[in-house]
Every structure is written in C-alpha cells, then in structure tokens.
Amino acid sequence: MAFEKIHFTANDTDKAQAAKRRLVHRYGQVSVKDAEVIVPLGGDGFMLSTLHAAQSLTAPVYGMHQGTVGFLMNEYAEEDLPARIAAAERAVVHPLKMQVLRVDGTLSEALAINEVSLLRSGPQAAKLRISVNGQVRMDSLVCDGALVSTPAGSTAYNYSAHGPILPIDANILALTAVAAFRPRRWRGALLPMDAKIRIEVLEPQKRPVSAVADSSDVKDVVRVDIEIEPDITHELMFDPGHGLEERLLNEQFQ
C-alpha cells in the first residue's frame with residue numbers, strides 16, 4: 001500500500017506544530033476520514049488522545065516522537081515517510097472499558113488504552129474490595145490505589161507501581177496495587193484478558209476515591225467495573241525492529 005493519503009495531527013507545542021507544517025508541505029494533508037494512515041506528532045499522551053479520537057475510523061496510526069515520553073512513537077524523520085509507513089510492523093490493541101457508579105448514584109463510562117486506575121483522593125488510604133468474574137478475591141485492600149493495565153500500557157503507570165511488563169500478544173491483564181498497606185506489599189495479580197473485574201470502594205465518604213481511564217477522571221467513586229472492549233480495535237504501526245514487542249523486551253533488559 002502506497003499510503004499517499006496521510007492525515008497529520010500534532011500537539012500544541014511549537015516544535016510539533018512546526019514539524020506538522022513541514023510534513024504537510026511535503027506530503028499534503030487529507031481529512032482524517034479520508035486518510036489511509038494517521039500520523040500524530042507528539043508524545044505518548046498525545047498518541048493516546050489521537051487513538052481515542054480516531055476509534056471509529058479504520059486507518060492505522062503511525063506516530064512520530066515530538067513530545068516528552070515516546071514509548072508509543074517512532075523516531076521523527078521527514079524523509080521517505082510513505083515508504084517507512086508501508087514497511088512498518090503493526091500491533092493491534094483493544095481498550096479497557098470502565099463503568100463507574102458514583103456516590104450520588106450517577107453512572108459514567110470511559111475507555112482506556114493503557115490502564116484504569118483507582119486512586120485515593122483524600123488524606124486516608126483507600127479501602128477496596130476486589131472481585132473477578134463475580135467472585136470476591138480480596139475482601140479488603142488498604143492502599144493508595146489499584147490499577148488494571150493492558151499489555152500496551154504495562155510499561156506506563158503499571159510499571160512505575162512495580163507491576164509486571166506484559167508481552168503485547170499476551171491474553172493477560174495486570175492488576176497492580178499502588179502502595180499497598182494491607183495486605184502488606186501485595187503487588188497484584190495476572191488475570192485473563194476476558195476477566196470481568198469489579199473494584200468496590202469501602203467507606204467511600206470517609207475514604208474518597210477517584211477513577212481514571214487514561215485521562216478521563218471520575219470522582220467520588222463507589223464501584224468500578226472493568227473489562228476489555230473487544231469491539232474497538234486500534235492498529236498501531238512501528239518501524240521494523242522497533243515494534244511494541246521489541247520495546248517491551250528492551251524495557252526489561254535495560
């Protein structure tokens with residue numbers, strides 16, 4: 001495939017906007033709906049927002065690094081871009097869906113490509129009950145929070161919280177505690193990709209908790225249900241030898 005119909009998008013920094021102008025001048029610009037490939041210019045945060053915005057489209061996404069963290073991005077270069085894209089490796093990821101019940105009885109939904117996190121939002125530690133597929137697995141986890149990560153997101157917040165790095169093609173989710181107090185130093189669990197996870201907030205008035213799906217934040221949480229959304233597919237493209245699988249391996253052998 002020639003990939004001549006490219007849609008460029010960039011974050012708000014001067015550096016990324018200047019790069020976008022040069023690339024549009026060189027390769028042209030089509031609407032995102034007509035694009036054969038979407039090329040975001042920025043960091044990982046901008047890549048995530050681009051994927052969320054384009055989730056109803058079929059075009060793959062080939063990011064180039066013009067931001068801070070670039071784990072999901074390719075090296076920036078202006079030469080022979082259509083040929084680079086044509087030679088790229090592809091990785092398919094599905095987002096997590098979270099459904100949140102709040103203290104006031106309202107429901108909220110959001111999608112997360114990296115992780116869904118529950119985090120304490122007050123001075124006291126959170127107190128959580130964790131169920132998997134309808135069975136309570138932990139009656140009480142006292143902690144700063146907990147998160148459920150996809151393989152694609154396992155090197156992000158999950159890894160910083162000492163969770164495991166998951167191979168990109170692993171049918172596994174990582175459930176990781178953030179600063180667990182009771183049980184002391186509990187690090188979490190590996191769950192099947194099709195697991196239905198419920199995390200209930202015990203004493204939500206006394207120990208308020210927020211739920212975050214990538215950048216979508218919901219406060220005053222009572223309960224969060226988390227599962228993979230198989231009907232939404234994101235296709236990411238990487239330069240040969242620098243695909244997600246290779247990057248995940250490199251993270252473990254630095």
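Points worth noting:
- For the chain, size of Cβ-based charge dipole, Lys and Arg +1, Asp and Glu -1, in debye: 1040 debye
- Volume per residue that the Cα convex hull of region 96-228 spans, once the total is divided by residue count, Å³: 88 Å³
- Spacing of the two label points (7 Å from each Cα toward its C-beta) at residue 235 and residue 217, in nm: 3.5 nm
- Each 10 Å bin from zero up to the one holding the largest Cα-Cα distance in region 91-142 carries the following percent of pairs: 19, 41, 35, 5, 0.
- Point-to-point label distance, residue 68-residue 169, nm (Cα→Cβ direction, 7 Å offset): 3.4 nm
- Contour minus Cα-Cα distance for residue 135 and residue 184 (0.36 nm per residue): 15.4 nm
- A simple count of charges around residue 4, restricted to other residues whose Cβ falls under 15 Å of its Cβ and scoring Lys, Arg +1 and Asp, Glu -1, yields 0.
- Residues 103, 209, ranked from the fewest to the most other C-beta atoms within 10 Å, line up as 103, 209.
- Partners for residue 127 among lysines (Cα-Cα distance below 29 Å; same-chain residues under 8 apart left out): 97, 196, 206, 219
- Region 213-219 - phi-based ³J(HN,Hα) in whole Hz, Karplus 6.51/-1.76/1.60, Gly and Pro as x: 10, 6, 10, 8, 10, 10, 9
- Taken along the Cα-to-beta-carbon direction at a fixed 7 Å, the label points for residue 34 and residue 21 span 2.4 nm.
- Whole-Hz ³J(HN,Hα) from phi, Karplus 6.51 cos²θ - 1.76 cosθ + 1.60, for region 241-253, glycine and proline x: x, 10, x, 4, 4, 5, 5, 5, 5, 4, 4, 8, 10
- Residue ranges 124-130, 193-199 sort as 124-130, 193-199 when ordered by packing (mean number of other C-beta atoms within 10 Å per residue, highest first).
- Scanning the chain for GluC sites (Glu not before Pro) that sit in a DSSP loop and have at most 15 other Cβ atoms within 10 Å, the longest stretch containing none of them is 80-254.
- Cα lying deepest toward the dipole's positive end in region 96-228, options 119, 156, 141, charges on Cβ: 141
- Farthest positive-ward along region 6-114 dipole, Cα basis, beta-carbon charges - from 99, 45, 88: 99
- The equivalent ellipsoid of the chain has semi-axes of 36, 18, 16 Å, largest first, where each one is the square root of 5 times an eigenvalue of the Cα gyration tensor.
Any read-out appearing in this document is the output of simple, stated calculations on the displayed coordinates, not a laboratory observation. Quantities reported herein were computed from a predicted structural model and do not represent experimental measurements. Cβ: placed from backbone, ideal geometry, glycine included. Neighbour counts: every protein chain shown.
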